[in-house]
Amino acid sequence: MSTLQDKQLADMPIKEVMIPSEKVAHVQMNNPLEHALLVLVKSGYSAVPVLDVDFKLKGTIGKTIILNQILGLERFEFEKLSDMRVHPFMNVDIPHLTKEMTFMDGLNASINHPFVCVSDAEGYFDGIVTRRAMLKRIKRDYYTNKP
Ligand code: AMP
């Protein structure tokens with residue numbers, strides 16, 4: 001592992017490992033929670049970004065928070081979901097990156113998050129960076145010669 005290689009990867013723009021917005025499952029703030037749960041279960045993701053109608057990043061929503069809202073004494077009260085919207089329950093306390101930030105910025109942000117959203121200076125959603133993609137890149141650059 002050379003110092004030069006360390007620096008090259010650390011300084012690489014995060015956009016090189018970003019999943020672009022068109023390939024990212026998302027929900028909108030005003031969607032019913034029922035729709036959000038369907039997207040999460042069908043996609044298999046534990047959480048997805050929440051956008052507004054202009055495609056600006058507003059937060060994330062995950063399965064656990066949704067299921068907690070409908071946790072009754074003896075069963076999940078799924079019928080409640082269609083009357084509830086995403087925005088009161090989304091997580092707004094999330095880190096985010098811009099495309100110009102570095103791989104090291106992404107690595108730092110992803111220590112406590114399986115994925116980190118990328119948006120531009122005006123808040124428009126560009127995509128996500130996953131911890132998995134960063135680990136794969138580290139493995140590729142340091143431990144194999146294969147892509
Ligand atoms: P992964 O490392 O691929 O398991 O992804 C970690 C998390 O990132 C998933 O559980 C989702 O919350 C999120 N994620 C990954 N890929 C996507 C995608 N294409 N669309 C929406 N969320 C995603």
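Tabulated results
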read-out: Unique match (being open to solvent by less than 50 Å² (accessible area, probe 1.4 Å), under 30 Å from Arg137 (Cβ atoms) and either at pLDDT 95 or above or within 12 Å of the ligand (Cβ to nearest atom) (or both)) among Val27, Val92; value: Val27
read-out: Single residue of Leu73, Leu37, Leu97 found to be among the aliphatic types (A, V, I, L, M) and modelled with pLDDT under 95; value: Leu73
read-out: Residue in the stretch 118-125 that is crowded, with 17+ Cβ neighbours inside 10 Å and either more than 24 Å from Ala10 (Cα to Cα) or within 13 Å of the ligand (Cβ to nearest atom) (or both) present; value: yes
read-out: The one condition in (1) in contact (Cβ under 8 Å) with a residue 12 or more places away in the chain; (2) open to solvent by 20 Å² or more (accessible area, probe 1.4 Å); (3) within 15 Å of the ligand (Cβ to nearest atom) that Leu135 fails to fulfil; value: (1)
read-out: Helices (runs of 4 or more DSSP H) wholly inside the stretch 1-91 containing at least 1 residues that are touching a residue at least 40 places away in the same chain (Cβ under 8 Å); value: 3-11, 33-43
read-out: Matching entry among Ile66, Ile14 (being at pLDDT 95 or above, surrounded by 13 or more Cβ atoms within 10 Å (Cβ to Cβ) and in contact with a Gly (Cβ under 9 Å, 6 or more places away or on another chain)); value: Ile14
read-out: Checklist (1) within 16 Å of the ligand (Cβ to nearest atom); (2) polar (S, T, N, Q); (3) open to solvent by 80 Å² or more (accessible area, probe 1.4 Å) applied to Thr60, failing item; value: (3)
read-out: Subset of the stretch 5-48 [under 18 Å from Arg85 (Cα atoms), small (Gly, Ala, Ser) and out of contact with any Pro (no Cβ under 9 Å at 6 or more places or on another chain)]; value: Ala36
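The rows are residues; the columns are (1) over 13 Å from Val129 (Cα atoms); (2) in contact with a strand residue (DSSP E or B) (Cβ under 7 Å, 6 or more places away or on another chain).
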site: Leu37; (1), (2): yes, no
site: Asp52; (1), (2): yes, yes
site: Thr64; (1), (2): yes, no
site: Leu73; (1), (2): yes, no
site: Phe76; (1), (2): yes, no
site: Met84; (1), (2): yes, yes
site: Val92; (1), (2): yes, yes
site: Lys99; (1), (2): no, yes
site: Gly106; (1), (2): no, yes
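The values are calculated or read from the model by the stated rules, or taken from the named source; none is laboratory data. These figures come from a predicted structure and were not determined experimentally. Every residue, glycine among them, receives a Cβ derived from its backbone with ideal geometry; neighbour counts consider all protein chains shown. We work out accessible area using only protein heavy atoms, side chains counted, and drop any ligands, DNA or RNA first. Shrake-Rupley method; radii C 1.70, N 1.55, O 1.52, S 1.80 Å.
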